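For reference, the structure discussed in these notes is given below.
Any read-out appearing in this document is the output of simple, stated calculations on the displayed coordinates, not a laboratory observation. All values reported here derive from a predicted model rather than from experimental measurement. Note: ideal-geometry Cβ built from the backbone for every residue, glycine included; neighbour counts use all protein chains shown.
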């Protein structure tokens, strides 16, 4: 199933998994090494994930207002 996803989506899901499993703040360099990508890529992916979460939480909040 994951092969059907874009590389960016696969990497972002992997970042979410790493953060879930390791709990707490993680060094972006360590995550970049783990996922074989640049630190800059990890940081931009985390920013995109955070933006997505903001939109999702706003939509949920609007649904319950």
Going by a ≥ b ≥ c, the root eigenvalues of the Cα gyration tensor, does the stretch 2-64 fall in the rounded group (a/c under 1.5), the prolate group (a/b larger than b/c) or the oblate group? prolate
Please arrange 20, 11, 3 by how many other C-beta atoms lie within 10 Å of their C-beta, fewest to most. 3, 20, 11
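At a Förster distance of 22 Å, what's the computed FRET efficiency of residue 55 paired with residue 7, Cβ-Cβ distance as r, to 0.05?
It comes to 0.50.
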